[in-house]
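Only one structure is covered here, and it is reproduced in the block below.
The values are calculated or read from the model by the stated rules, or taken from the named source; none is laboratory data. Note that this is a predicted model, so its numbers are computed, not measured. Using ideal geometry, Cβ is built from the backbone for each residue, glycine included, and neighbour counts are taken over all protein chains shown.
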Amino acid sequence: MKTIDIHSHLLSPDVSFNRPLDRFVLHFFAKRLGADPKQLREDPFNSYVEAMARAIQNSSQIEKCCLFGVDSRIDNKGDETHKDITVCASTEDVLQVTARYPDQFIPFMSVNPKRADALDLIDEYHERGCLGSKFLQNYWGADLNNPAFIPYYEKLKALKLPVIIHIGPEYTIHSYAEYERFDMVKLPLECGVTVIAAHMGLGRPQWPAVWRNLSRNPTTFDTDYHQLLEKLEQHENLYADISAILLPLKARALGHLAKQTQIHHKILFGTDYPVPYTLLFNTYDLSFKERLRINRIDNPFDAYHAAIAEYFPEESPIYTNYKKVIHLLDTEAESVSIYR
């Protein structure tokens, strides 16, 4: 039975790969995305969208992806101060892509709570079919425990919209470290919002004891990770996703997480597409033979799934837990009609 990828990204329509480093790595990046390097260079946004939709359509394991962009950085006056040209796709962009590919994507909104019209935008995007919300508060520089955001959380709760909150370090965009810790979920949880803590709180580099970054000893894992495991058992409305967990600083925790069966009913499958991941050279404990087998899988979603399945077999609830947090429509006709 196919699953839903709870965590995937739309790139900005302004994205380009023209920097010298971009041109150097583009071939490898495109291969992992299932895209043509030349097309990705000449028409990056449309090539990216088409490759992603095609990979989902051809996947033997993924039914659809929850797709979201990242809202702009907003100051305390409600004015836009920064919009990253790579990751800052708008919710309008997400809805347009979903309208083109309704069988592949489920739209999620990204609305910075500092926007003056944030509550109105939540209503609008919910009416237009968004089934969840995505925060990148560490890019926004937003303290999610600010009491001014309580009406925002109450709106999400009333509409039964889950919010995916980034927990852990960020490498693809400028980030404020003080807003990426696990305690960012405190107020949203208290307000009754269904919170999905992204990336399991893993991936923070450790210095100067660099060997700890490769260790599979749980005592070397991030504090946020251990806090998350504890709180998953205590809060009914708290979930977590395993997106980007195949990155080396995160993958070393897979064996430990697989043994925490008491919280598997709160874990969601996600990839963090298009974030590239390594299969052959990584910190998980798969044999090299198994790594070679998985690395031969061309479809990027199926390859990610195959690695995860070595730790969470087919009967694991992580592949069906999405049903607890997003409310899918019953028929394909209804799914098409909500996008305009």
Which of the following residues is in contact with a strand residue (DSSP E or B) (Cβ under 7 Å, 6 or more places away or on another chain) and surrounded by fewer than 18 Cβ atoms within 10 Å (Cβ to Cβ): Glu92, Glu80?
-> Glu80
Determine if region 133-140 includes at least one residue that is basic (Lys, Arg), buried (at least 19 other Cβ atoms within 10 Å of the Cβ) and under 16 Å from the mean Cα position of the chain (by Cα).
-> yes
Is it true that Cys191 is in contact with a Lys or Arg (Cβ under 9 Å, 6 or more places away or on another chain), at pLDDT 95 or above and not hydroxyl-bearing (Ser, Thr, Tyr)?
-> yes
From the list Leu268, Leu228, Leu292, Leu232, which residue is in contact with a Lys or Arg (Cβ under 6 Å, 6 or more places away or on another chain) and among the hydrophobic types (A, V, I, L, M, F, W, C)?
-> Leu232
Right, Ser60: surrounded by fewer than 23 Cβ atoms within 10 Å (Cβ to Cβ), in contact (Cβ under 8 Å) with a residue 12 or more places away in the chain and touching a Cys at 6+ places or on another chain (Cβ under 8 Å) or not?
-> no
Of those in region 29-44 that are touching a residue at least 24 places away in the same chain (Cβ under 8 Å) and either touching a strand residue (DSSP E or B) at 6+ places or on another chain (Cβ under 8 Å) or under 23 Å from Ala244 (Cβ atoms) (or both), the residue surrounded by the most Cβ atoms within 10 Å (Cβ to Cβ) is Pro44
Name the helices (runs of 4 or more DSSP H) wholly within region 116-178 that hold at least 3 residues that are more than 22 Å from Lys250 (Cβ to Cβ)?
-> 118-127, 150-158
Within region 57-99, residues within 17 Å of Gln137 (Cβ to Cβ) and basic (Lys, Arg) come out as Arg73, Lys83
Would you pick out the residues in region 105-122 that are out of contact with any Asp or Glu (no Cβ under 6 Å at 6 or more places or on another chain) and of a type outside the set (A, V, I, L, M, F, W, C)?
-> Pro107, Pro113, Lys114, Arg115, Asp117, Asp120
Select, from Ile122, Ile165, the only residue that is surrounded by 14 or more Cβ atoms within 10 Å (Cβ to Cβ), touching a strand residue (DSSP E or B) at 6+ places or on another chain (Cβ under 6 Å) and within 22 Å of Asp93 (Cα to Cα).
-> Ile165
Can you name the number of the only condition in (1) of a type outside the set (Gly, Ala, Ser); (2) out of contact with any Lys or Arg (no Cβ under 7 Å at 6 or more places or on another chain); (3) surrounded by fewer than 21 Cβ atoms within 10 Å (Cβ to Cβ) that His305 fails?
-> (3)
Contacts under 7 angstrom Cβ, first residue in region 301-318 being free of Cβ contacts under 8 Å to residues at least 60 places away in the same chain, partner surrounded by 19 or more Cβ atoms within 10 Å (Cβ to Cβ) and aromatic (Phe, Trp, Tyr), 6 or more apart | Tyr304/Tyr277
Within region 201-211, residues assigned to a loop (DSSP other than H, G, I, E, B) and of a type in the set (Gly, Ala, Ser) come out as Gly203, Ala209
Residues of region 280-302 classified as in contact with a helix residue (DSSP H, G or I) (Cβ under 8 Å, 6 or more places away or on another chain) and within 29 Å of Gln262 (Cβ to Cβ), total = 7
Just to be sure, is Asp272 acidic (Asp, Glu), closer than 27 Å to Lys157 by Cα and touching a helix residue (DSSP H, G or I) at 6+ places or on another chain (Cβ under 6 Å)?
-> no
